[in-house]
Amino acid sequence: DGGITQSPKYLFRKEGQNVTLSCEQNLNHDAMYWYRQDPGQGLRLIYYSQIVNDFQKGDIAEGYSVSREKKESFPLTVTSAQKNPTAFYLCASNKETTSNQPQHFGDGTRLSIL
Amino acid sequence: AQSVSQHNHHVILSEAASLELGCNYSYGGTVNLFWYVQYPGQHLQLLLKYFSGDPLVKGIKGFEAEFIKSKFSFNLRKPSVQWSDTAEYFCAVNAGYGNNRLAFGKGNQVVVIP
């Protein structure tokens, strides 16, 4: 079945460490997105990529970095510069042919600081 | 940046009651509108969407939403809820970005009591 796979499901990090969250899709989608979900805050866009080797900052990019070397992969690194990294992280993708394509979501990664 | 407002973050109601969740957005031009649902322990999935045409759109599981351009609103309704409708509901708007980027509201946590 086609879909979006996020791994790991749970991730623990010590303060000062960088961690990388994986997102892979086999939907042949052009665009991919990373969101952060906090209780009562909805989804806030961290980074997005419309095409391979290109990405743009979202609303809360500080302390995060991404890469898009392959169409199917869009890993997110949470750096030590992110002061409050504990959150639920969601990856999404869609076709970038028009502006009315719904986004498809993965199951998420829950990151906690030890 | 676009803003999306969802009020009454926590909604508690009994089975068979009617549900209406409000969504207002700030952009004055052409918009694409979405409602997503996140059931406990599951990933976000599309409930319904509006791009053009009939402003009353029907989605899955008996949900519908009405786009009222003059009020910048896209309210979600269901005439008679079931316990299985317990979930978090998010309104999302694509407007003015020139791509598929979405702005999400903060969500409505709906609990249906059997």
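The values are calculated or read from the model by the stated rules, or taken from the named source; none is laboratory data. Not measured: the values here are computed from a predicted model. Positions of Cβ are generated from backbone atoms using ideal geometry, with glycine treated the same way; all protein chains shown enter the neighbour counts. We work out accessible area using only protein heavy atoms, side chains counted, and drop any ligands, DNA or RNA first. Shrake-Rupley method; radii C 1.70, N 1.55, O 1.52, S 1.80 Å.
When the residues of region B:68-102 are filtered to those that are farther than 21 Å from B:GLY53 by Cα, in a strand (DSSP E or B) and open to solvent by less than 10 Å² (accessible area, probe 1.4 Å), the one that is nearest to the other protein chains (Cβ to nearest Cβ) is B:PHE90. Is there a residue in region A:84-97 that is more than 10 Å from every other protein chain (Cβ to nearest Cβ) and among the polar types (S, T, N, Q)? Within region A:84-97 (the criterion being more than 10 Å from every other protein chain (Cβ to nearest Cβ) and among the polar types (S, T, N, Q)), the answer is yes, since at least one residue qualifies. A search for C-beta distances below 8 Å between a residue of region A:47-74 that is more than 14 Å from A:ALA31 (Cα to Cα) and any residue that is hydrophobic (A, V, I, L, M, F, W, C) and not in a strand (DSSP E or B), counting only pairs 6+ apart in sequence or on different chains, returns A:ASP59/B:ALA1; A:GLU62/A:ALA81; A:GLY63/A:ALA81.
For B:THR30, the conditions (1) modelled with pLDDT of 95 or more; (2) under 23 Å from A:ALA31 (Cβ atoms); (3) open to solvent by 30 Å² or more (accessible area, probe 1.4 Å) all hold with the exception of (1). The set of residues from region A:80-106 being open to solvent by 30 Å² or more (accessible area, probe 1.4 Å), part of a loop (DSSP other than H, G, I, E, B) and touching a strand residue (DSSP E or B) at 6+ places or on another chain (Cβ under 6 Å) comprises A:THR86, A:GLU96, A:SER99, A:ASN100, A:GLN101. Where strands (runs of 3 or more DSSP E) fall entirely within region A:1-77, those with at least 1 residues that are in contact with a Pro (Cβ under 9 Å, 6 or more places away or on another chain), over 22 Å from B:GLY107 (Cβ atoms) and open to solvent by less than 70 Å² (accessible area, probe 1.4 Å) are at A:10-13, A:19-25, A:64-66. Here the condition is being of a type in the set (Phe, Trp, Tyr) and either modelled with pLDDT under 95 or at positive phi (or both); of B:PHE51, B:PHE90, it holds for B:PHE51 alone.
As a summary of the residue check, B:PRO55 satisfies the conditions (1) surrounded by 11 or more Cβ atoms within 10 Å (Cβ to Cβ); (2) within 13 Å of chain A (Cβ to nearest Cβ) except for the one numbered (2). For region A:75-87, the tally of residues that are free of Cβ contacts under 8 Å to residues at least 60 places away in the same chain, touching a Phe, Trp or Tyr at 6+ places or on another chain (Cβ under 9 Å) and more than 16 Å from A:GLY108 (Cα to Cα) stands at 2.
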